[in-house]
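Enquirer: Quick one: this structure, given as structure tokens, is what I'll be asking you about.
Each reported figure results from applying straightforward, stated rules to the coordinates on display, with no laboratory input. Keep in mind that what you see is a predicted model, and the values were worked out from it rather than measured. Glycine gets a Cβ as well: all are built from the backbone with ideal geometry, and neighbour counts include every protein chain shown.
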There are 2 protein chains.
Amino acid sequence: MVGRQGQGGGAGNKAGARRAGLDFPRPLTSVDIVIFTIRLEALHVLLVRRGHGEGEPFPDAFALPGGFVDVAKDDDLEACARRKLAEKTGVISTYLEQLGSWGSAHRDPRGWSATHAYFALIPASAAEAALAADAQWFPLAGISVKPNLAFDHAEILQAAVQRLRNKVEYTSLPAYLMPEEFTLPELQRTYEIVLDRPLEKSAFRTRMLSADLIEPIDKMRKGPNRPAQLYRLKAAAAPVYFARTFNAPE
Amino acid sequence: MVGRQGQGGGAGNKAGARRAGLDFPRPLTSVDIVIFTIRLEALHVLLVRRGHGEGEPFPDAFALPGGFVDVAKDDDLEACARRKLAEKTGVISTYLEQLGSWGSAHRDPRGWSATHAYFALIPASAAEAALAADAQWFPLAGISVKPNLAFDHAEILQAAVQRLRNKVEYTSLPAYLMPEEFTLPELQRTYEIVLDRPLEKSAFRTRMLSADLIEPIDKMRKGPNRPAQLYRLKAAAAPVYFARTFNAPE
DNA sequence: TAAATAGTGTCTATTAGACAGTATTAT
DNA sequence: ATAATACTGTCTAATAGACACTATTTA
């Protein structure tokens, strides 16, 4: 078995071609992105309609934006994800996190395939600006979305929603769904939309204000009521991890 | 762009072959596993020595166990990871979690390659039993390991250690590093080894005992002192997530 | 003035941290 | 008895949850 470990050995080269053998079948390699935003007081995900050319699996079905890695264009997986994100939404700088990978012999009828899934959060303000013609926002119904999705994309979407909801319990991720300037009640509303449950105002404010995350600006949000302080994300605002989840155990 | 989204379109097929075109170069696809155990009061990781056949990159270097996906043998990525885990350690059922994927044009001199990384926790008792001839345990020095690793495996290892340490703060993962039967002080010691810092005994015991994780058995661990209650993992013991990390914020 | 929302304060519950104190074994 | 480790209890600190209360605007 020497020479098979690491990326050292070949697979599927049972007969002959022992050394340096790279002459075995390779899986298809793709990247898919689950892009979230908040629209109309609801969490939305971006889907694209698939083509119906000859040999296209799942013709005309909806799918997550993504596609095959282009070994000429893409330097690495994240670059590939950012390229696809920009192509569909015009957004170039935003929160992007690797979600996981899904690979099997059966997920794509064209053969063994593996996809590297990412999830991205973009502000509502950017959600409509430069949307691709074939892309469309869908509200999340619980953990899934109305249309049937191509491939195993329903499963990937489910994992993304769970990961997002889970992390929102103890991180500042929703801040990346906000516009440039926002109030604390607006940020809290975003948390509540993602978590689908109300949060305590004072605990929320204490947590957000004691984290090194946002700073007040010299401006208020006016309304038919007491104006609210506007904040913005601090310059180098990496996501903040809190030491507790929001709800104490049952 | 219709017909290019999802896994629908081809990449790299700039010239001709428009529909159903799969005639573009595919990255190499591999799986690597970071296998942890506790030996001699220290966290260890399993490495294998690479071969030095013709065309082998990083000859004789140490690397994470892994290798190319075998589209004939492996039904999916996790099956591939479990197969490699079993080949190197003999362990078939243990904690296995996907860590992430690393893919780029430059990580393997043989071409664009993407690896799907997993991490596994195995009990000390199983760590020596059926070890492959080319595999060897190495203690972790901080976040890395003494030998230089092939490819970007040092980076992958680093990510695995960080993920493990991070999750140990608020999960029951160390339970998977324990033998069949263990005492609470032994479990605490395992936590402390992974986290590399002491924990408070009473807070630790309260947390573990109030989780639905372990159950006492009718047996004690004898020593030159007061005997300790032995416990075992409950039957369907999925990892437990606690609502707080161990250390309150600074 | 009333309505509406922003923001603060007070009290309780939970649990980690610190650490003292008791329990049970071998020698 | 002493040493050693297992285990429990007590007190404090931090923070979430509940909820009442005050503040500031428009109409």
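Enquirer: Only Lys, Arg, Asp and Glu count, each charged at its Cβ (+1, +1, -1, -1), so figure out the dipole size of chain A about its Cα centre, rounded to 20 debye.
Expert: On the way: 31 positive and 29 negative charges, 81 e Å.
The calculated dipole for chain A is roughly 400 debye.
Enquirer: For B:ALA72 and B:ILE143, calculate 0.36 nm times their separation in residues minus their Cα-Cα distance, and state this gained length in nm to one decimal. Could the numbers behind the result be given before it?
Expert: Values: separation 71, 0.36 × 71 = 25.56 nm, distance 3.59 nm.
Gain in length upon complete extension: 22.0 nm.
Enquirer: So how strong a dipole does the protein assembly as shown carry about its Cα centre when Lys and Arg Cβ are +1 and Asp and Glu Cβ are -1, to the nearest 20 debye? Present the calculation step by step, with values, prior to reporting the outcome.
Expert: Details: 62 positive and 58 negative charges, 107 e Å.
Using Cβ point charges on Lys, Arg, Asp and Glu, the protein assembly as shown gives about 520 debye.
Enquirer: Moving on to the next point. Applying 1/(1 + (r/R0)^6) with R0 = 30 Å to the Cβ-Cβ distance of A:ALA124 and B:ASP212, what FRET efficiency is obtained, to the nearest 0.05? Present the calculation step by step, with values, prior to reporting the outcome.
Expert: Numbers: r = 40 Å, r/R0 = 1.34.
Once rounded, the FRET efficiency stands at 0.15.
Enquirer: Pairs of alpha-carbon atoms within less than 8 angstrom and 6+ residues apart define the contacts here; what relative contact order does the range A:28-167 have, in percent? Don't jump to the answer; show the numbers that get you there.
Expert: Details: 253 pairs, mean separation 45.4, N = 140.
It comes to 32 percent, rounded to a whole number.
Enquirer: How high is the FRET efficiency between B:ASP60 and B:HIS106 when r is their beta carbon distance and R₀ equals 25 Å, given to the nearest 0.05? Can you show the working numbers first?
Expert: Values: r = 21 Å, r/R0 = 0.85.
Taking R0 as 25 Å, the efficiency between B:ASP60 and B:HIS106 is 0.70.
Enquirer: How much mean residue ellipticity at 222 nm does chain A get from its helices, if each DSSP H run of length 4 or more adds -39500 (n - 2.57) and you divide by all residues, to the nearest 500 deg cm²/dmol? All intermediate terms of the calculation are to be shown ahead of the outcome.
Expert: On the way: 5 runs with 55 residues, N = 250.
Here the helix-only value at 222 nm equals -6500 deg cm²/dmol.
Enquirer: For the range A:62-137, what's the relative contact order in percent, using C-alpha pairs closer than 8 Å and at least 6 residues apart? Don't skip to the answer; put the middle values down first.
Expert: Details: 79 pairs, mean separation 21.8, N = 76.
It comes to 29 percent, rounded to a whole number.
Enquirer: Nearest 0.05, what FRET efficiency do B:ALA79 and B:GLU192 give at R0 = 51 Å with Cβ-Cβ as r? Please list the in-between numbers first.
Expert: Numbers: r = 34 Å, r/R0 = 0.68.
Once rounded, the FRET efficiency stands at 0.90.
Enquirer: Here is a follow-up. Indicate the gyration tensor shape class of chain B (rounded, prolate or oblate), computed on the Cα atoms with a ≥ b ≥ c the square roots of the eigenvalues: a/c under 1.5 is rounded; otherwise a/b larger than b/c is prolate and the rest oblate. Working shown, then result.
Expert: Values: a/c = 2.40, a/b = 1.91, b/c = 1.25.
Prolate shape, in that a/c is at least 1.5 and a/b is the bigger ratio.
Enquirer: Please tell me the relative contact order of chain A in percent, rounded to the nearest whole number, where contacts are Cα pairs under 8 Å and at least six residues apart. Numbers along the way, then the final one.
Expert: Working: 396 pairs, mean separation 43.8, N = 250.
Answer for chain A is 18 percent.
Enquirer: Would you work out the charge dipole size for the range B:140-226 about its Cα centre, treating the Cβ of every Lys and Arg as +1 and the Cβ of every Asp and Glu as -1, and quote it to the nearest 20 debye?
Expert: On the way: 13 positive and 12 negative charges, 71 e Å.
Its charge dipole is roughly 340 debye.
Enquirer: Would you work out if the range B:28-167 is rounded, prolate or oblate? Take a ≥ b ≥ c from the square roots of the eigenvalues of the alpha-carbon gyration tensor; rounded if a/c is under 1.5, else prolate when a/b is larger than b/c, oblate otherwise. Before the final figure, lay out the partial values.
Expert: Details: a/c = 1.41, a/b = 1.27, b/c = 1.11.
Because its axes are fairly even, with a/c under 1.5, the range B:28-167 counts as rounded.
Enquirer: Moving on to the next point. In this model, which of A:LYS167/B:LYS201; B:LYS167/B:LYS201; A:LYS201/A:LYS234; A:LYS146/B:LYS73; B:LYS88/B:LYS146 are farther than 24 Å apart at the alpha-carbon?
Expert: Values: A:LYS167/B:LYS201 28 Å; B:LYS167/B:LYS201 19 Å; A:LYS201/A:LYS234 22 Å; A:LYS146/B:LYS73 36 Å; B:LYS88/B:LYS146 20 Å.
Distance filter (> 24 Å) returns A:LYS167/B:LYS201; A:LYS146/B:LYS73.
Enquirer: Under the rule a/c < 1.5 gives rounded, and otherwise a/b versus b/c splits prolate from oblate, where does the protein assembly as shown land using the Cα gyration tensor? Intermediate results must be reported in sequence, preceding the final value.
Expert: On the way: a/c = 2.04, a/b = 1.05, b/c = 1.95.
Cα axes put the protein assembly as shown in the oblate bin.
Enquirer: Sort out for me the Cα centre separation of the range B:117-144 from the range A:55-118, rounded to whole Å.
Expert: So the two Cα centres are separated by 33 Å.
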